[in-house]
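What follows is a single structure, written as structure tokens, with notes after it.
The values are calculated or read from the model by the stated rules, or taken from the named source; none is laboratory data. Given the structure is predicted, the values throughout are model-derived calculations rather than measurements. Cβ: placed from backbone, ideal geometry, glycine included. Neighbour counts: every protein chain shown. To get the accessible areas, we keep the full protein, side chains included, count just its heavy atoms, and leave off ligands, DNA and RNA. Shrake-Rupley method; radii C 1.70, N 1.55, O 1.52, S 1.80 Å.
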Amino acid sequence: MKLPNNYGSIYKKGGNRRKPYAVVVTTGWTDEGKQKRKVLGYVTSPAQGLKLLAEYHNNPYNLNIKNISFSDIWKDVEVELEKMVEQGTMSSSNLDSLKFAFYNHCQSIHNEKMLDLKFKTMQNMIDNAKNKNNGNELGVSAKGFIKTVCVKVFNYAIIEYELPLLKNTAVNLKCGVKKKSQKHIPFNEQELSTLWGMQHLDIIKVLLIYCYTGVRPNELFITKKCDIFIDKEYFITGSKTEAGKNRIIPIHPKINHLIKYFYDHDCDYPFTIIYSNFNYAKVKREFSKLMDELQMNHTPYDGRHTFITMMKKAGANDYILKRIVGHSIKDITENVYTHREVSDLINEVKKIK
């Protein structure tokens, strides 16, 4: 079959090849008037060659980046994410989780060409992802980081590299359904008494701070020393949502000495001194060991639930409580027109005896 001028050509190469047909297109002309040609790929039949040519002409792409791989694009994505951390629009712990997902769970697609990477390949990778420590299937949250890596790589490939990908198929990857947790149980008075008796341990200090501030577990560890004001009885931290970021956390008198213990260390992020090369996964493992030893059934988030429960029992103002723990406030009058002083928050926390 004769193809239109400048459409491309298909020819059979010699030898015993699995894909004997080469598909080429003209990309320009030399000063002498000779064609500059590039190979689109190799196929098993002329029919497949025609299909490849049709796909190319329907959505032409830069042949110089035809072979760019998943890991090639991730390198650029990682640089952009690091800039976001520097600008404060992404937490360092979130970036660490994405990097861990890429380097430990996406290895099977590192060298896959972006233009050839199939949805099924990525889905199989997620479905078969295993915990590196015990070989168990990864949980929904961990799989979610793998999906996020794929989504970000595809977005970057489409927007920055202008690869001819009609859509970001990674957004449809499935990570399983996360069961609604029924585990969050506040520490009772007897358990809190036990913790106070063990406050010489750094992990217990952290847990008690959770219980009397309501911060999310990771928020304590991203708190900077320059944002801790012990004499003024508050510090600034936050994450996750607009309501949760950069919020004022009152320091209850009971934990003032615990905050000062960490503050007195020469460290930009004082609460990370309990672990070298800190990451939140280490805290979770240590916490699990502690709960087993004390025969208690709690998660790190239970400290947050303990604080909220104690505040409600103490009759704290609901709007002030929401401001402290970083929950959104839908009431327009309170959210827009009511300006709370730092002292209002501190006095409300002191209602906990």
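Of note:
- Measuring with a 1.4 angstrom probe and ignoring ligands and nucleic acids, THR148 comes out at about 50 Å² accessible.
- Stretch gain in nm, segment LYS284-LYS313, where the contour uses 0.36 nm per residue and the Cα spacing is subtracted: 7.6 nm
- Under 5 Å, built H, 5+ apart or other chain: amide partners of GLY41: VAL23
- Spin-label pair ILE158/ASP268, simplified geometry with 7 Å Cα→Cβ offset, distance in nm: 3.5
- Cα gyration tensor category, rounded, prolate or oblate, for the stretch 48-175 with a/c compared to 1.5: oblate
- Accessible-area ranking of HIS252, HIS110, HIS57, largest first, probe 1.4 Å: HIS57, HIS110, HIS252
- Between VAL342 and HIS200, residue separation times 0.36 nm minus the direct Cα-Cα distance comes to 48.1 nm.
- For LEU294, net neighbour charge (Lys/Arg +1, Asp/Glu -1) across residues whose Cβ lies under 14 Å away: -4
- Label-point separation in nm, TYR261 to THR44, each point 7 Å along Cα→Cβ: 6.8
- Mean separation of Cα pairs under 8 Å and 6 or more residues apart, divided by the residue count, gives the chain a relative contact order of 12 percent.
- For the stretch 266-324: rounded, prolate or oblate by the Cα gyration tensor [a/c cutoff 1.5]: oblate
- Ordering VAL151, VAL283 by accessible surface, largest first, gives VAL151, VAL283; the 1.4 Å probe counts only protein heavy atoms, with every chain in place.
- Computed magnitude of the charge dipole of the chain (debye, nearest 20; Cβ of K, R +1, Cβ of D, E -1): 1760
- Length released on extending from ASN136 to VAL85, taking residue separation times 0.36 nm less the Cα-Cα span: 15.3 nm
- Charge tally in the Cβ shell below 15 Å around TYR263, where Lys, Arg are +1 and Asp, Glu are -1, TYR263 excluded: -2
- Modelled FRET efficiency - R0 22 Å, VAL177 with ASP127, Cβ distances, 0.05 increments: 0.95
- Prolate is the label for the stretch 120-204, because the ratio a/c of its alpha-carbon gyration tensor axes (a ≥ b ≥ c) is 1.5 or higher and a/b is greater than b/c.
- Area of TYR7 that stays accessible when all protein chains are in place (1.4 Å probe, Å², to 10): 60
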